[in-house]
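The values are calculated or read from the model by the stated rules, or taken from the named source; none is laboratory data. This is a predicted model, so every value here is computed, not measured. We place every Cβ from the backbone using ideal geometry, glycine too, and count neighbours over all the protein chains shown.
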Amino acid sequence: MQVEMDLNKNFRTRIAPSPTGEDIHIGNLYTALINWAFAKKNNGKFIIRIEDTDRERLVNGSEERILETIQNFGIIPDESPKIGGKYAPYRQSERIEIYKKYAEELIEKGHAYYCFCTKERIDEIRKEQVLKKEVSRYDKYCLININDFSKRIEKNEKYVIRLNVASGREIILNDVIRGEIKFQSDLLDDQILIKSDGYPTYHMAVVIDDHLMKISHVIRAEEWISSTPKHILIYEALGWELPIFAHGPILRNPDRSKLSKRKNPVWSSWYLDEGYLPEAVLNYLALMGWSHPEDKEIFSIDEYSNVFELKDIKPVGPIFDINKLKWMNSEYIRALSEDELKKKLIHYDKSLSTLLDDKNNLILLTLAKLRMRTLKDFKILISDPQEIYIYSEEEKKIIEILIDKIIAIKVWEKEKILDLLKKFSIEQNVSMKMMYLFLTGNSKGLPLPEMLEWRGKDITLSNLKKIII
RNA sequence: GCUGUGUUCGUCUAGUGGCCUAGGACAUCGGGUUUUCAGCCCGAGAAUCAGGGGUUCGACUCCCCUACACAGCACCA
């Protein structure tokens, strides 16, 4: 039956970030990827809706940043506040009248009511309930005692609208990823639907918008499971068909708590800034709670969306392991052609463009590719020696001889340089490792002959002379 | 505290009753190649499948209990 229904349905998924942070959280990007993949797999549509109903925590520029970052990762929505679409507006602050209308409908039907209680009173009853070890919830005082609400509203009294949760009901959530989950309505609070500033709460807005925007699958993180019964109640009260729910895992810190900015970099653009490739990040994310049917580890998001099945998502909260991400990123970098790498490097760091315009450094790119974990590494690989190592007098003497040998070299090309280095290494009984340190100030990096050829005879000499001064 | 969700190598995972003396990947540690470092190739260690009860000829896989972890319990989303 489910299958039949699905065939006739237009699949529509969404993510609903709220612009209260610097950028989109990597966990939300993960949810976005799943939603996107699921929509693509089923020829559906993926929507971005901005949930900006919390006016106090609103962060300036956050919405733009979120939208931009998602795009930078290559997850392109079919409808969004920027792109628009059939169900616009896609910003909840522009839909206030809609929520009000449905809130009033709920009141008329007896599924919601006005509440004039002060925060102080709510706090008090909550304290009492905690003391008595009861479930903390509103006591329906205003539903029972207040009849003159229109007068009080006229008098400009502050009020909220609350959901009237019926007692003694069992609410069943059928989750694609987790199966059947049961809740008792007696444990549910009379959730606020419309706040005293006239804005809806998440619970109200999400149901109204998902229904109006014809969202067929609500795919979100585990943290929403406990509020889903409230949403179901609102759907029912309005006489609306339920969407299909799927609650994926929450990404975790190494200590298993919910991924947070105190313990991990969480803003998605941080990974881009650090030189991770968007495709690599997405590929890594895809492997969280899911595995490729053919056990592949490296695959494009298009391949991902082709084989993706919602029910294959595992409900266990995976730990975000930046080590594996680094490995994956280096795999992606290695798979790039020199030309592609060059473009990406210049895009990543504009200051590299003059340096990379020189045709001679094709070889540099080839060699660097195998040694880079992130785009950021390139600059480190080609940078001049840093003065960290303290040379002994004996070593300085050897370097003086080396300088003479280098001055004597006629043709500055890598074969000749290598010859010289090999000979010198044997003659002076200096290990290649030591030679590397002398010439680059580093114990590791790009192969010496190519590196020195690229750097040039003059700079190589002046670098060495710096040591013996 | 209450409610809910989970529990296979350090980490991500494969596994849907016999193919499992549990497979792969990252990480770690050896060895080889080598002009440093990488890369590449070869190899090793690493999970008594959270624990305990069932069901079954047979359980990592099904059921129950316990433990532990995580999430939610806001006029935040």
Given the conditions (1) more than 11 Å from RNA strand B (Cβ to nearest atom); (2) closer than 30 Å to A:ILE313 by Cβ, every one holds for A:GLN191 apart from (1)
Can we say A:GLU400 is in contact (Cβ under 8 Å) with a residue 24 or more places away in the chain, among the charged types (D, E, K, R) and assigned to a helix (DSSP H, G or I)? yes
Over the stretch A:357-397, the set of residues in contact (Cβ under 8 Å) with a residue 24 or more places away in the chain and among the β-branched types (Val, Ile, Thr) is A:ILE363, A:THR366, A:THR374, A:ILE382, A:ILE388
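For the stretch A:83-91, state whether one or more residues are more than 15 Å from RNA strand B (Cβ to nearest atom) and in a strand (DSSP E or B).
Kept after step one, since they are more than 15 Å from RNA strand B (Cβ to nearest atom), are these residues of the stretch A:83-91: A:83-89.
This time we only want the ones that are in a strand (DSSP E or B), so: A:84.
Looking for residues that are more than 15 Å from RNA strand B (Cβ to nearest atom) and in a strand (DSSP E or B), one finds at least one in the stretch A:83-91, hence yes.
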For A:GLU415, which of the numbered conditions (1) away from RNA strand B (no atom under 11 Å from the Cβ); (2) farther than 30 Å from A:TRP327 by Cβ; (3) touching a helix residue (DSSP H, G or I) at 6+ places or on another chain (Cβ under 9 Å) fails to hold? (1)
Condition met for A:LYS214 (basic (Lys, Arg), more than 7 Å from RNA strand B (Cβ to nearest atom) and touching a Leu at 6+ places or on another chain (Cβ under 8 Å)): no
Residue that is nearest to RNA strand B (Cβ to nearest atom), among those in the stretch A:121-140 that are in a helix (DSSP H, G or I) and either closer than 10 Å to A:ASP189 by Cα or among the β-branched types (Val, Ile, Thr) (or both): A:ILE122
Odd one out for A:LEU362, checked against (1) under 18 Å from A:LEU251 (Cα atoms); (2) surrounded by fewer than 15 Cβ atoms within 10 Å (Cβ to Cβ); (3) aliphatic (A, V, I, L, M): (1)
From A:HIS211, A:HIS247, A:HIS231, which residue is surrounded by fewer than 21 Cβ atoms within 10 Å (Cβ to Cβ) and either outside any loop (DSSP other than H, G, I, E, B) or touching an Asp or Glu at 6+ places or on another chain (Cβ under 8 Å) (or both)? A:HIS211
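Check A:TYR284, A:TYR276 and return the single one that is outside any helix (DSSP H, G or I), of a type in the set (Ser, Thr, Tyr) and either outside the structural domain of A:ASN174 (by TED's automatic domain parsing) or without any contact (Cβ under 8 Å) to a residue 24 or more places away in the chain (or both). Working first, answer last.
Details: A:TYR284 fails: outside any helix (DSSP H, G or I).
Step by step, each of A:TYR284, A:TYR276 is checked, and only A:TYR276 is outside any helix (DSSP H, G or I), of a type in the set (Ser, Thr, Tyr) and either outside the structural domain of A:ASN174 (by TED's automatic domain parsing) or without any contact (Cβ under 8 Å) to a residue 24 or more places away in the chain (or both).
Could we say that A:LEU325 is buried (at least 17 other Cβ atoms within 10 Å of the Cβ), outside any loop (DSSP other than H, G, I, E, B), within 21 Å of the chain's Cα centre (by Cα) and aliphatic (A, V, I, L, M) here?
Details: buried (at least 17 other Cβ atoms within 10 Å of the Cβ): yes; outside any loop (DSSP other than H, G, I, E, B): yes; within 21 Å of the chain's Cα centre (by Cα): yes; aliphatic (A, V, I, L, M): yes.
Here the answer is yes, as A:LEU325 does meet what is asked.
Within the stretch A:6-25, how many residues are over 30 Å from A:ILE192 (Cβ atoms) and in contact with a Ser or Thr (Cβ under 6 Å, 6 or more places away or on another chain)? Break it down stepwise before answering.
Restricting attention to the stretch A:6-25, the residues satisfying the condition of being over 30 Å from A:ILE192 (Cβ atoms) are A:6-11.
From the residues that got through so far, the ones that are in contact with a Ser or Thr (Cβ under 6 Å, 6 or more places away or on another chain) too are A:9, A:11.
The total comes to 2.
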Identify, please: which residue in the stretch A:316-351 is free of Cβ contacts under 8 Å to residues at least 40 places away in the same chain and of a type in the set (S, T, N, Q) and is, among those, nearest to RNA strand B (Cβ to nearest atom)? A:ASN323
Return the residue satisfying two criteria in turn: it lies in the stretch A:297-315 and is in contact (Cβ under 8 Å) with a residue 40 or more places away in the chain and more than 16 Å from A:LYS41 (Cβ to Cβ), and of such residues it is surrounded by the most Cβ atoms within 10 Å (Cβ to Cβ). A:PRO315
Which pairs have Cβ atoms under 7 Å, sit 6 or more apart or on different chains, and link a residue in the stretch A:144-156 that is assigned to a helix (DSSP H, G or I) to one that is surrounded by 10 or more Cβ atoms within 10 Å (Cβ to Cβ)? A:PHE149/A:TYR114; A:ARG152/A:PHE116; A:ILE153/A:TYR159
Show the residue pairs that are 6+ apart or on different chains and have beta-carbon atoms under 7 Å apart, the first residue being within the stretch A:170-188 and under 13 Å from A:VAL218 (Cβ atoms) and in a strand (DSSP E or B), the second being of a type in the set (A, V, I, L, M) and more than 9 Å from RNA strand B (Cβ to nearest atom). A:LEU173/A:ILE232; A:ASP175/A:ALA246
Which of the residues belonging to the stretch A:229-248 are in contact with a strand residue (DSSP E or B) (Cβ under 8 Å, 6 or more places away or on another chain) and under 20 Å from A:ILE48 (Cα atoms)? A:PRO243, A:ILE244, A:PHE245, A:ALA246, A:HIS247, A:GLY248
How many residues of the stretch A:281-296 are more than 20 Å from A:ILE75 (Cα to Cα) and surrounded by 14 or more Cβ atoms within 10 Å (Cβ to Cβ)? The answer is 0
Candidate set from the stretch A:159-185 (those that are loosely packed, with under 12 Cβ neighbours inside 10 Å and within 8 Å of RNA strand B (Cβ to nearest atom)); member that is farthest from the chain's Cα centre (by Cα): A:LYS182
